[in-house]
Each structure stands twice: as structure tokens, then as C-alpha cells.
Amino acid sequence: MTSDGDYGVPGSLAKVLADVAAERVAQDAMWGIQDLRDGTGQDRAAAAEEAKRAVSEAAEEGRLTWRHILQEEVLEAFAEEGSDALRTELVQVAAVAVKWAQALDRRRDPLPHRVKKARFRAIVDVHVLLVRDGTVLLARRAGTGYADGLWHLPSGHLEEGESAVGAVVREAREEVGVVIEPDDLTFVHAMHRAPERIGLFFVAERWSSEPYNAEPDKCSEIAWYPQEALPEDIVDYPAAALRAVMDGRPFALHEWG
């Protein structure tokens, strides 16, 4: 439950207050400014105390209602004499009445009961499996701050305005110096890594030029490994993806639970 007055429904408080303001305008239009006596006083204190007891009993017995709560606030206001204290009680009366109206709105439309969350945005990365004679090309990371010293597939993040295929072509060229035609890429696997990463894996069996270490500041070496005999010092999730590809599984979850 939120504590912003919206009662778990964004915009709920503003909506009810707008309705209250409209009603006040309508009252003024009908009756004008009314200068009336308060009509309150301590002679009504006993009724206020009885209302308090009724609220306590109803709460203990599990039968508390909005009527109980509003009645207590109203009768407490009726028992006040000083203007400041009376105003405080009237504000409390109004606040309970507004919350009751919000509860009616929630009851009429149950969907807003859930607090709306911000739309989830995933980080997408792409990976290329350069496959030749049953082997796959791996690159040993170095100087990046992430998984340095471990083997990984040529990979990178999807950039704004870039397609997944375009990202694979770019990363392959930047990291291992090969040129891949988009039509020579085959999508083979998607992996959802907890909590916000989506990895897309593509296979290429044809490309131009011989692969080489095109980013020596980020990679210490490249090497070909049989897909069924990957090195032990490989990053866990590309290893899992490679196994899934060999098993023909197009989707996997990683590190969930």
C-alpha cells in the first residue's frame, strides 16, 4: 500500500478531491455564502465517547465499517467548541469521507487495486557463434572489468536504433574482424538472465576474412574450441547457451531462483 494518499490507485485522491471541489462550487451556486452557527458543544461529548467505544468493539470483533469510522469523526466534531479544534476535527471528517469515496471507486473498478509499476526495460545483448568444422570461436576477455581472464563468445550490447542482426554484424567486425552478411546469420537461442538481461544468440558459418583479435585492449587471445569440449574457464551463461544450442533448445532462463 502506498502512503501518497492515492490508496494504491494512481490519481485516486486527485479525482475525489476534484469531485469535492465541483460539489462545493455547486453548493455556492445554489445557496451562496452561508454564515451559520456551529451548533456544537460538550453536551454532545457522551455521544462521541459512545462512538469511540463502538469503533473499538467493531474492530475487535471484525465487523468494522466505514460508517463506524465516519460516525466517530462526525460526533467528535459535534463535541468541539473551540474554532481551531473544531476545524481540525472537520478536516478529519472530510479526510475519512474522501477515503471512503476512494474505497467505493476501487470497489467499482477492481483493476486499479494493484499498484502500477514502471514498465520493465530489458538490456539486450547479442552473441555470435562463428562455427567452422565443428568448432566455435571464443575470445578471452581482458581489461574490461567484467569476467576478465575468461573465455566468451564475440558479443555486445544492442545500441539505440539498432536491430539485433545489425548489432551482431557490427560486433563481429569490431571484435574479431570478420564481415558477416545479414542473410548468413541464423537465430538459434534466446536467454533471459536474471533480472534484466536478454541474450540473443546467432550462428554464422560463412563470413569474409580470417578472424583475428581486433580489440587487443579488451581481449588477450582468440581460439577455436569444439562445441562439445568447451574450456572450463568460460563465462557461465554463454557456456549454458552453447549447450542449449547443441541440444536444440531455443530458449532458456539463467540464474532465476
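Specify which of the listed residues (Gly149, Gly143) is over 23 Å from Glu228 (Cα atoms) and of a type outside the set (Val, Ile, Thr).
Of the residues listed, the single one that is over 23 Å from Glu228 (Cα atoms) and of a type outside the set (Val, Ile, Thr) is Gly143.
Residue check: Ala21 meets all listed conditions (1) among the aliphatic types (A, V, I, L, M); (2) surrounded by fewer than 14 Cβ atoms within 10 Å (Cβ to Cβ); (3) not in a helix (DSSP H, G or I) but one, namely (3). For Phe187, the test of being touching a residue at least 12 places away in the same chain (Cβ under 8 Å) and either among the small types (Gly, Ala, Ser) or in contact with a Ser or Thr (Cβ under 8 Å, 6 or more places away or on another chain) (or both) is failed.
Within this structure, Phe201 fails the test of being more than 22 Å from Ala214 (Cβ to Cβ) and either of a type outside the set (Asp, Glu) or not assigned by TED's automatic domain parsing to the domain that holds Tyr237 (or both).
Here is the figure for the range 24-65: residues that are in contact with a helix residue (DSSP H, G or I) (Cβ under 7 Å, 6 or more places away or on another chain), among the charged types (D, E, K, R) and assigned to a helix (DSSP H, G or I) total 2.
Of all residues in the range 66-96, those satisfying the criterion of being in a helix (DSSP H, G or I) and among the acidic types (Asp, Glu) are Glu72, Glu73, Glu76, Asp84, Glu89. Restricted to the range 139-220, the set of strands (runs of 3 or more DSSP E) holding at least 2 residues that are among the aromatic types (Phe, Trp, Tyr) and surrounded by 15 or more Cβ atoms within 10 Å (Cβ to Cβ) comprises 197-204. Looking at the range 113-126, is at least one residue within 20 Å of Trp207 (Cβ to Cβ) and touching a helix residue (DSSP H, G or I) at 6+ places or on another chain (Cβ under 7 Å)? Yes, the range 113-126 contains a residue that is within 20 Å of Trp207 (Cβ to Cβ) and touching a helix residue (DSSP H, G or I) at 6+ places or on another chain (Cβ under 7 Å).
Each row is one residue, and each column tells you yes or no for (1) in contact (Cβ under 8 Å) with a residue 12 or more places away in the chain; (2) of a type outside the set (Val, Ile, Thr).
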| site | (1), (2) |
| --- | --- |
| Thr144 | yes, no |
| Gly149 | yes, yes |
| Pro154 | yes, yes |
| Ser163 | no, yes |
| Gly166 | yes, yes |
| Arg170 | yes, yes |
| Glu181 | yes, yes |
| Ala194 | yes, yes |
| Val203 | yes, no |
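If a residue has to be part of a strand (DSSP E or B) and either over 13 Å from Leu130 (Cβ atoms) or touching a helix residue (DSSP H, G or I) at 6+ places or on another chain (Cβ under 6 Å) (or both) to count, how many in the range 223-249 make the cut? Lay out the reasoning, then the answer.
Taking the range 223-249 as the starting set, the residues that turn out to be part of a strand (DSSP E or B) are 223-226, 234.
With the extra rule that they be either over 13 Å from Leu130 (Cβ atoms) or touching a helix residue (DSSP H, G or I) at 6+ places or on another chain (Cβ under 6 Å) (or both), the set shrinks to 226, 234.
Adding up the residues that qualify gives 2.
Counting only residues that are outside any strand (DSSP E or B) and within 32 Å of the chain's Cα centre (by Cα), which one in the range 121-138 is surrounded by the fewest Cβ atoms within 10 Å (Cβ to Cβ)? Full working, then the answer.
Our first condition is that a residue be outside any strand (DSSP E or B); within the range 121-138, this holds for 121-122, 133-134.
Remaining after also requiring within 32 Å of the chain's Cα centre (by Cα): 121-122.
Details: Arg121: 7, Ala122: 12.
Here the residue is Arg121.
Counting just the residues of the range 26-42 that are surrounded by 10 or more Cβ atoms within 10 Å (Cβ to Cβ) and not polar (S, T, N, Q), which one comes out nearest to Glu76 (Cα to Cα)? Walk me through how you get there before you give the answer.
Residues of the range 26-42 that are surrounded by 10 or more Cβ atoms within 10 Å (Cβ to Cβ), as a first pass: 26-28, 38, 40-42.
Subsequent filtering for residues that are not polar (S, T, N, Q) retains 26, 28, 38, 41.
Details: Ala26: 27, Asp28: 26, Asp38: 13, Gly41: 10 Å.
Among those residues, the one meeting the criterion is Gly41.
Check whether at least one residue in the range 34-55 is within 48 Å of the chain's Cα centre (by Cα), under 30 Å from Ala18 (Cα atoms) and free of Cβ contacts under 8 Å to residues at least 24 places away in the same chain, and report yes or no. There is at least one residue in the range 34-55 that is within 48 Å of the chain's Cα centre (by Cα), under 30 Å from Ala18 (Cα atoms) and free of Cβ contacts under 8 Å to residues at least 24 places away in the same chain.
Considering only the range 184-195, I want to know if a residue exists there that is under 30 Å from Val9 (Cα atoms) and in the same structural domain as Asp236 (by TED's automatic domain parsing).
First, pick out the residues of the range 184-195 that are under 30 Å from Val9 (Cα atoms): 194-195.
Okay, now just the ones that are also in the same structural domain as Asp236 (by TED's automatic domain parsing), so 194-195.
Yes, the range 184-195 has at least one match.
Just give me the residues in the range 205-257 being more than 37 Å from the chain's Cα centre (by Cα) and of a type in the set (A, V, I, L, M), in sequence order. Residues satisfying the conditions are Ala214, Ile222, Ala223, Ala229.
Within the range 106-125, can one find any residue that is more than 22 Å from Arg193 (Cβ to Cβ), touching a residue at least 12 places away in the same chain (Cβ under 8 Å) and acidic (Asp, Glu)? Break it down stepwise before answering.
First, pick out the residues of the range 106-125 that are more than 22 Å from Arg193 (Cβ to Cβ): 106-116.
The next check asks that each one be touching a residue at least 12 places away in the same chain (Cβ under 8 Å); those that pass are 106, 112-116.
If we keep only those that are acidic (Asp, Glu) as well, we get none.
Checked the range 106-125: no residue is more than 22 Å from Arg193 (Cβ to Cβ), touching a residue at least 12 places away in the same chain (Cβ under 8 Å) and acidic (Asp, Glu).
The values are calculated or read from the model by the stated rules, or taken from the named source; none is laboratory data. Quick caveat, the model's predicted, so the values are computed rather than measured. Every residue, glycine as well, gets a Cβ built from its backbone with ideal geometry; the counts of neighbours run over all protein chains shown.
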